[in-house]
Amino acid sequence: MKNTLKILRAQHDLSQAALAEKLDVSRQTINAIEKEKYDPSLPLAFKIARLFRLTIEQIFEDGNQAITPLDADS
Amino acid sequence: MNKYSMAHNEPNEGRHSRDGKYSINVLYWAILWAISHLASTALTRWVVSDMNVIKWLVAVWPIAVSIGALRHFMRYLENADELTRKMEFESLSAGYGSGIIFSVGYVSLESAGMPVIFLGSTAAVMMSSYVVFRFRAARKYL
C-alpha cells in the first residue's frame, strides 16, 4: 500500500529505529511498510496516524479500490 | 547511508527486542527437548530394560518437555511483532500444509509401489518446509 511514512519520518527527523520504538514495533516492520511490502494492521495504522496527528487516509493510499458506498444505492 | 534511507535485508537485524527474548526461550526449550528425547530413547533402549514405572516416566519425560516448548512457542507468537507474526504464520501454514500433502500423498505412492516409510518423516517434512518458507518470508518482507 502506498504511503508517506518515509516522508513524515524525515520531516520529524526520526530514524526507522526511533519511529519503531515509539510505535512498539520492529524496525523491520517500519522498513517493510515504507517499502510497501507490508500493510500495517489497523491498530498500527491508527497509532501511526495519531503519532503524526493525521488521518489514516492522509498517510496511506489504497489506490481507490472500486466499491460503491451503501448510501449510493438508494 | 543516512538514517532516512535504511535498507536492511539481514533477517535478524532490526528485530523487536521482545522477539529476541521470546525466541531465545523457544530455542532453549527446543534444545532441552532434543536432549531429553535422545536421553530418553537411549535409556529406554539400553538401560531401563523392564516395562515398569521408571521406564514409563523416562518415556513420558520428553513429551512433557515438548509441551513446555510448545507453550513457549505460543507465547513467542502471541507477543511477536506484527510482521514477525505474519511471517511465522505464513511459514507455519506452508509447513503444516506440506506435511499433510506428504502424509496423505505418500499413501497413494505406497500403494503404487513406493517403500513404506517411518511415520516421523512427516514431522521432518513439516519442519524442513517451515524453515524453507520462513527464509522465503524473510526475503519477501525484509
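The values are calculated or read from the model by the stated rules, or taken from the named source; none is laboratory data. Everything quoted here is computed from the prediction, not taken from an experiment. Every residue, glycine as well, gets a Cβ built from its backbone with ideal geometry; the counts of neighbours run over all protein chains shown. In case anyone asks, the SASA skips ligands and DNA or RNA and just uses the protein heavy atoms, side chains included. Shrake-Rupley method; radii C 1.70, N 1.55, O 1.52, S 1.80 Å.
Key figures
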| quantity | calculated |
| --- | --- |
| Lysines whose Cα lies under 23 Å from that of residue B:21, excluding same-chain neighbours fewer than 8 positions away | A:22, B:86 |
| Charged-residue dipole, Cβ positions (Lys, Arg, Asp, Glu), the range B:13-80 about Cα centre, Debye nearest 20 | 80 |
| For the pair A and B, total buried accessible area rounded to nearest 100 Å², probe 1.4 Å | 1800 |
| Shielding by partners, peptide B:84-95 (average Cβ within 10 angstrom, other chains) | 1 |
| Folded to 0 to 90 degrees: helix A:42-51 orientation relative to chain A principal axis, Cα | 60 |
| 1.4 Å probe accessible area per residue over the range A:2-57, in Å² | 52 |
| Listed residues B:43, B:80, B:25: farthest to the positive end of the dipole of the protein assembly as shown (Cβ charges) | B:43 |
| Tensor-based shape of the range B:35-142 (alpha-carbon gyration tensor, a/c under 1.5 rounded, otherwise prolate or oblate) | oblate |
| Cα-centre dipole for the protein assembly as shown with unit charges at Cβ (Lys and Arg positive, Asp and Glu negative), debye to 20 | 640 |
| Charge dipole (debye, nearest 20) of chain B; +1 at Cβ of Lys and Arg, -1 at Cβ of Asp and Glu | 260 |
| Reciprocal mean inverse distance between Cα atoms of the range B:13-80 - Kirkwood radius, Å | 13.2 |
| Of B:135, B:60, B:70, farthest towards positive along the dipole that unit charges on Lys, Arg, Asp, Glu beta carbons give chain B | B:135 |
| Surface share of carbon and sulfur [accessible, 1.4 angstrom probe, percent] for the range B:81-142 | 73 |
| The range B:69-132 versus the range A:15-74: alpha-carbon centroid distance in Å | 32 |
| Two-site label geometry, residue B:28 and residue A:55: point separation in nm, points 7 Å out along Cα→Cβ | 4.9 |
| Listed residue (A:55, A:29, A:40) projecting farthest to the positive dipole end of chain A, Cβ model | A:29 |
| Cα shape, the range A:2-57, gyration tensor, a/c 1.5 rule | rounded |
| Solvent-accessible heavy-atom area per residue, rounded to whole Å², over chain B at 1.4 Å | 67 |
